[in-house]
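The values are calculated or read from the model by the stated rules, or taken from the named source; none is laboratory data. As the structure is a computational prediction, the values presented were derived from the model and not from experiment. Don't worry about glycine lacking a Cβ; one is built from the backbone with ideal geometry, like all the others, and counts go over all protein chains shown.
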Amino acid sequence: MAELFKKLELAAKKKPKTVILPESYDPRVRNAVKLILQKKLAKVLLISTGRSLNLPEGDNLDIIDIHFSKQFAKEYTKIRRKKNPKFSNSQSEIALSDPLIFSCMLLKNGFADSVVAGSVYQTSAVIRNAIQIIGLKKNNKTVSSFFLFTFPKGHKFTHRVLAYADCGVLPNPAASQLSEIAIQTSLNYKKLTGNTPKIAFLSFSTKGSAKDESLDKVIEAYKLTRKRMPGLICDGEIQFDAAIVPHVAAIKNPGGKIRGDANVFIFPDLNSGNIAYKITERIGGGIAAGPIVQGLAKPVMDLSRGCTAEDIVNMVTITCLI
């Protein structure tokens, strides 16, 4: 991951963006801010809730007091009244005392380019507020996520960068959503790695080797993706081994477009995706970056609550380039 992030950091420095980190009370976030400023990766905006942050404001660091959130009360009330007509301005003022909600309102109103949160907040809170306040990208109906994987020296996949999707948001995506996940992930994979995406729609079957109605949506997602973006290299339904091991691909999928060289893996549901990413990380030796959230009108990224300061720096770097 180190080599990949060296390249990403160089790219981020060329056009530094402003990133909001709502969880300024988390020591890991404050340590990450020091590294971000030291590396000149981005301009940082922190939310002060009354506690001393022990960080000096400067050209690339601004600290906003949570009390300024009240200026968004009327706007936030309008947002909440779409689903709850009785939501009041006083309720908005209380809600806006939450740094995450305040940060999303700042992002919505152009005070920053992105929000990175999740070291303390649960994924559900980050995604819910992002969808509610920021909304979805134009012509998009799906919010999803993916992980980037690199591998250490000596590993058989040292020179490969892989993407897994969706491993963090949608429990049971429909065929149309799987197609959108594949397209979004492939475009972001290209942005971040510079590599040509080669997409595998994963299943327990390869090209009809098994029959079950659960395979239908995978096959339909593959067909939809080919129709929507005929230039993408993709194949499905396909088993993981046939997607990543050339000699297995030669046996199971000899006429396929993916010949053991897939780098973007689309899982049929969140169960399989989440399990696979954790196995790849904990047993397979993969180094994961993510979940990288995609499909929103403006970037709001989710961290793992077990993240390190370095993980936060890496996510800020990615956010600057998405």
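Here are a few things to note about the model shown:
- Conditions (1) surrounded by fewer than 16 Cβ atoms within 10 Å (Cβ to Cβ); (2) in contact (Cβ under 8 Å) with a residue 60 or more places away in the chain; number of the one not met by Arg81: (2)
- Condition broken by Lys6, with the remaining ones in (1) crowded, with 16+ Cβ neighbours inside 10 Å; (2) under 23 Å from Ile287 (Cβ atoms); (3) without any contact (Cβ under 8 Å) to a residue 12 or more places away in the chain satisfied: (1)
- Selection status of Ser205, assigned by TED's automatic domain parsing to the domain that holds Arg228, under 17 Å from Val264 (Cα atoms) and of a type in the set (S, T, N, Q): no
- Residues considered: Asp261, Asp269. Of these, the only one that is under 18 Å from Ser144 (Cα atoms), acidic (Asp, Glu), assigned by TED's automatic domain parsing to the domain that holds Phe151 and in contact (Cβ under 8 Å) with a residue 24 or more places away in the chain is Asp269.
- Residues of region 191-216 classified as at pLDDT below 95, outside any loop (DSSP other than H, G, I, E, B) and among the basic types (Lys, Arg), total: 1
- Considering Ser48, Ser52, the condition of being in contact with an Asp or Glu (Cβ under 6 Å, 6 or more places away or on another chain), more than 30 Å from Leu162 (Cα to Cα) and in the same structural domain as Val316 (by TED's automatic domain parsing) is satisfied by Ser48 alone.
- So Leu35, is it surrounded by 16 or more Cβ atoms within 10 Å (Cβ to Cβ) and either outside the structural domain of Val316 (by TED's automatic domain parsing) or under 26 Å from the mean Cα position of the chain (by Cα) (or both): no
- Flag for Leu55 being touching a residue at least 60 places away in the same chain (Cβ under 8 Å) and either within 22 Å of Lys108 (Cβ to Cβ) or not in a strand (DSSP E or B) (or both): no
- The residues of region 219-275 that are within 23 Å of the chain's Cα centre (by Cα), of a type in the set (Gly, Ala, Ser) and farther than 22 Å from His159 by Cα, listed by number, are Ala221, Ser272, Gly273.
For (1) buried (at least 22 other Cβ atoms within 10 Å of the Cβ); (2) of a type outside the set (S, T, N, Q); (3) assigned to a loop (DSSP other than H, G, I, E, B), each residue gets a yes or a no:
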{"site": "Ser97", "(1), (2), (3)": "no, no, yes"}
{"site": "Cys104", "(1), (2), (3)": "yes, yes, no"}
{"site": "Leu107", "(1), (2), (3)": "yes, yes, no"}
{"site": "Phe111", "(1), (2), (3)": "no, yes, yes"}
{"site": "Val126", "(1), (2), (3)": "yes, yes, no"}
{"site": "Ile131", "(1), (2), (3)": "no, yes, no"}
{"site": "Lys138", "(1), (2), (3)": "no, yes, yes"}
{"site": "Phe146", "(1), (2), (3)": "yes, yes, no"}
{"site": "His155", "(1), (2), (3)": "no, yes, yes"}
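- Test: residue in region 242-261 that is under 28 Å from Val126 (Cα atoms), surrounded by 16 or more Cβ atoms within 10 Å (Cβ to Cβ), in contact with a Leu (Cβ under 8 Å, 6 or more places away or on another chain) and not acidic (Asp, Glu): no
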